[in-house]
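Single-structure report; data block below.
The values are calculated or read from the model by the stated rules, or taken from the named source; none is laboratory data. Source: prediction; values computed, not measured. In this analysis, Cβ positions are derived from the backbone assuming ideal geometry, glycine residues included, and neighbour counts consider all displayed protein chains.
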């Protein structure tokens, strides 16, 4: 199987959205376009309330991704774990689809005997190592996130360290919401390395509102722009994993 | 990471519970829980031939299959006795839900850190030496261990051999390390990438040594080599290993063998130095008596040498006088 490109949105937040459209609906829209949405809820001394928890879970469910609530000390490990887990899920979805074409409709990896499953898993691992990855990171910069931002920065640097150890190529882009003028602001354009964040992050100002829905919408637009631009420029026939879990 | 409590509660099996495989139909009787990791629970169990085995059960089919693959690959690595040997994999069906599990050799022993605490720091060097030999064999087969840490190491009891109980981090050289623990991870300290190479493991070995003197570990401040060096210099037990640790931390050792050789060298010198002064206080009166006897022996031994010299001189003088006499006669 030829390695394709996995596309993900990683949302890092600490609570409920309070402006704009329903983020879960926007996540579902992303999923339709083959983009997985993962959500990480960060706590420090505060606790995320039930409503916030529910929203985090439903965004990830609708977006076909993974969600995890953590204390900020564990953020680094979680960010890379969540990203990898979502990659495996997506690849597994593709592999399951192929299996169904070969073996019949209701067959998934779980139905194979352990030996065969192991062989299929080797393929999944191989693809996880070699496929290209595009992650658009959305960072909540509402007032309550202020103290957690240095940890977020470290976690993102750690993510680029982990992902860049793979054989496949990586592209990262970082958006923050709320931005200075708009709901969402682009902080970093597509780049394989996130080291630049060290300079950009300390200058961030935090605002009051949390427009999570509009942020996901903006992220989708940006993904599509990249795709169409690339199509125009190179006409390359790079395949995308159409997500299907 | 927050522990998956649902897995713990839902699938916590009490001693006596029988786990039966869906495919191979083997049965295992749970004896006790050995440990609980991020990916599942490990039980000590008894198979139908009354052998003790370790059985890992998970509700997350994905990670456990990857682990099983690694364990199988590991078992093929010849000469490496680091990890447990793989026995079989199967599914256990609970309330219609498939729960994959695999069975491996049960390694009995004591955790690395408790062992060192009980037996003393002197064991650190020996165990690290053993560990390096095993790593060397593994690296030669194209793999690195990845998630090396004391929690994954066990010292088997009657034989004092170091073994590893969790091989989930094992990675092909050149690939990315997926499972790691921050304190032992080169990337976390800003000392290199997370791409698997032998140096990645050797960095972790050095950190294991640091960990045995800092049981509570320490967190990254400014990171980088300076902090690690400072922590190393604060403990005097690292003095003999200073050069080795520095080389391992900065990735200067290309192979585990090189580090092992240096380690063996230091250990040899270290024990020599230690044993020499140790012998003196216990046998002091004996030593002086011995010394006196040795002295007198030396004198007696020197006698034949002097005798030889005397004879030689005598012959020389006599022959000289004789030559003079002959010379006189001739004139």
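Observations on the structure shown:
- Selected residue (criterion: surrounded by the fewest Cβ atoms within 10 Å (Cβ to Cβ)) from residues of segment B:137-152 that are in contact with a helix residue (DSSP H, G or I) (Cβ under 6 Å, 6 or more places away or on another chain) and farther than 15 Å from residue B:74 by Cβ: B:150
Rundown of residues vs (1) out of contact with any strand residue (DSSP E or B) (no Cβ under 7 Å at 6 or more places or on another chain); (2) within 14 Å of another protein chain (Cβ to nearest Cβ), yes/no style:
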residue	(1), (2)
A:122	yes, yes
A:125	yes, yes
A:133	no, yes
A:136	no, no
A:163	no, yes
A:168	no, yes
A:174	no, no
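- Residue match in segment A:43-55 (condition: touching a residue at least 24 places away in the same chain (Cβ under 8 Å), touching a helix residue (DSSP H, G or I) at 6+ places or on another chain (Cβ under 8 Å) and within 13 Å of another protein chain (Cβ to nearest Cβ)): yes
- The condition (being outside any helix (DSSP H, G or I), touching a strand residue (DSSP E or B) at 6+ places or on another chain (Cβ under 7 Å) and farther than 28 Å from residue A:171 by Cβ) is satisfied by just one residue among A:9, A:48, A:69: A:48.
- Search result, residues across segment A:191-215 that are under 19 Å from the mean Cα position of the chain (by Cα) and either loosely packed, with under 15 Cβ neighbours inside 10 Å or part of a helix (DSSP H, G or I) (or both): A:192, A:193, A:195, A:197, A:212, A:213, A:214, A:215
- Candidate set: segment A:74-110, residues that are away from chain B (no Cβ under 12 Å) and not in a helix (DSSP H, G or I); chosen: the one surrounded by the most Cβ atoms within 10 Å (Cβ to Cβ): A:107
- Taken over segment A:111-120, the criterion of being more than 9 Å from chain B (Cβ to nearest Cβ) and in a helix (DSSP H, G or I) is satisfied by A:116 alone.
- Enumeration of residues in segment B:74-93 that are over 20 Å from residue B:62 (Cα atoms) and surrounded by 15 or more Cβ atoms within 10 Å (Cβ to Cβ): B:75, B:77, B:80, B:81, B:82, B:83, B:84
- Of all the numbered requirements in (1) more than 10 Å from chain B (Cβ to nearest Cβ); (2) out of contact with any helix residue (DSSP H, G or I) (no Cβ under 7 Å at 6 or more places or on another chain); (3) closer than 13 Å to residue A:13 by Cα, residue A:71 misses one, and that requirement is (1).
- Among residues of segment B:94-135, those that are surrounded by fewer than 18 Cβ atoms within 10 Å (Cβ to Cβ) and at pLDDT below 90, counted: 8
- Residue count for segment B:145-188, restricted to those that are within 14 Å of another protein chain (Cβ to nearest Cβ), closer than 23 Å to residue B:35 by Cβ and outside any loop (DSSP other than H, G, I, E, B): 4.
- Scanning segment B:44-70 for residues that are at the interface with chain A (Cβ under 9 Å from one of its Cβ atoms), in contact with a strand residue (DSSP E or B) (Cβ under 7 Å, 6 or more places away or on another chain) and surrounded by fewer than 22 Cβ atoms within 10 Å (Cβ to Cβ) yields one hit, B:61.
- Of residues in segment A:138-161 being farther than 25 Å from residue B:191 by Cα and surrounded by fewer than 19 Cβ atoms within 10 Å (Cβ to Cβ), the one farthest from the other protein chains (Cβ to nearest Cβ): A:143
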